[in-house]
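Any read-out appearing in this document is the output of simple, stated calculations on the displayed coordinates, not a laboratory observation. As the structure is a computational prediction, the values presented were derived from the model and not from experiment. In this analysis, Cβ positions are derived from the backbone assuming ideal geometry, glycine residues included, and neighbour counts consider all displayed protein chains.
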Amino acid sequence: MILKQFQQAIFPLIMAISHSALRCTLVCLCSVLTSAYCSASITIAVLTDSPTERGNFSALGDQFTAENPDIGLNFIAYRSPEYKVLVSEWLAKRAGPDVFFWHGGERLQQFVRGGLVANLDDMWQDSDFSRQFTPALTDLVSYHDSKYAVPISYYHWGFFYKKSLFRRLNLATPTSWQDFLHVCATLKQHNINPIAIGSMDPWTVAAWFDYLNLRLNGNDFHQALLRGEIEFTDQRVVHVFEYWQKLLKNDYFLQGHEKLNWNEALPFIFRELSGFTLIGNFAATRLPDSMQEEIGFFPFPQINPSVGQTEEAPTDVFFINAKTKNLAHAKRFMQFVARADVQAQYNNYAAGFPANINAETSLNYFNAIGYELLKNADSLSQFFDRQTPDVFSKPAMALMVAFMLNMDVANTVQQLEVLRHEHLLADEKDAF
């Protein structure tokens, strides 16, 4: 009881501190104090960009502690840009927390190839997880048929727009590319910027490459391209950038986007200064109360009818540090977050869907649309920087941000091809 009161009082304060060095010091001190009351303590590193996310992880920790009073549980929370750097640094030094919140697919597998992630085959078999997670989600936490993580949440992407603006201009949500261009042109005629974006977060730009490639060339081509099997100078890739270039030359993207992050682009939608923005469902958690009923959603429209409908469905996971000294207790946490009831509760606030197929899904407006969208999709894809190693994705996304400003198709695909040779071909890709 004393331990729980201590955690409830101290941990939220620590997680709210912005200075990382001070926060780490306090977490370490907190770990020493709690270890006196527990047989063992584990530290969980999490990514949080909002009070809602911090509160969600705090609730997760409270429930685990209540059910496992013999294990001390310490959270370390960081914002996205800082967190992604720290995870790589910790693992490279064979140090850091016991458990990490992370992303499935290549982002996980690059650490697995380096021997930095604990193998969970025994836990998956003993807990019969293969009956609780779909083959598609299982693949995202696997490498060479072995399991290395537990998926907890996945979510959809698409366009957020203001319903009253579309009603005022008598616009229907577009389902085809011609419809989409018509909506953009109409907004422009009314002196409204069609597309809000904040490219200070380069992944917002990569979303445009992903969806244009998926809609023009299909998922099989997209996956092969991101594996390095197809040249970026291929005419089909050039075609993607030409479609993108047309939007840019028509001045359809928000001016000054390179000075904004994704969150700072949202008010342009609220104030009817922009028509819509392409973003993940996590944006639904950032809507002010006054906008809850005003914002609508529509999927990325069809371009090439001959390819199937593929949707982005980024998946979040937990994995265990291969160098943890508390493997047994870390696995108990993993078994806890794999449970259907835990995942259902977590995703009520994470704006995603539980990975466990037995979990109940909260179907608010955005989740109901997303659930149907992903259920009816012909295939699912992870995000650009989750499907390629960091050494490729970071400079590649920088090139895409530059393309948003220079609109140079030939130079962009040539530079991407250089990166493919440097980082996506087999010998380089297998290196951590």
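With respect to the chain, whose longest principal axis is taken over its alpha-carbon atoms, helix 80-92 is tilted by about 50°.
Using only the Cα atoms of the range 61-163, build the gyration tensor, take square roots of its eigenvalues as a ≥ b ≥ c, and label the shape rounded, prolate or oblate: rounded if a/c is under 1.5, else prolate if a/b is larger than b/c, else oblate. Judged from the Cα gyration tensor, the range 61-163 comes out rounded (a/c under 1.5). In whole percents, the pair-distance distribution calculated for the chain from its alpha-carbon pairs, binned every 20 Å from zero, is 25, 56, 18, 0. Database remark: amide H of Ser274 closer than 5 angstrom to the amide H of Ile269 (H placed geometrically; neighbours at sequence offset of 5 or more, or on other chains; Pro and chain starts carry no H). For the Cα atoms of the chain, what angle does the longest principal axis make with the long axis of helix 327-338, in degrees from 0 to 90, nearest 10? Taking Cα atoms only, the helix is inclined about 50 degrees.
Peptides 299-311, 351-363 ranked from most to least packed give 351-363, 299-311, packing being the mean of other C-beta atoms within 10 angstrom over each peptide's residues. Against the compact-protein benchmark of 2.2 N^0.38 Å, the Cα-based radius of gyration of the range 175-281 scales to 1.13. Axis angle, to the nearest 10 degrees, between helix 177-189 and the longest C-alpha principal axis of the chain: 80 degrees. Within the shell of other residues whose beta carbon sits under 11 angstrom from the beta carbon of Lys147, the net charge comes to -4, with Lys and Arg scored +1 and Asp and Glu -1. Give the cross-link partners of Lys331 among the lysines, using a straight C-alpha distance below 24 Å as the criterion and excluding same-chain residues fewer than 8 apart. Cross-link targets: Lys4, Lys84, Lys93, Lys147, Lys323.
Hey, which lysines would be in cross-link range of Lys246, C-alpha to C-alpha under 25 Å, not counting anything within fewer than 8 residues on its own chain? Within the straight-line cut-off, Lys246 pairs with Lys162, Lys188, Lys259, Lys394.
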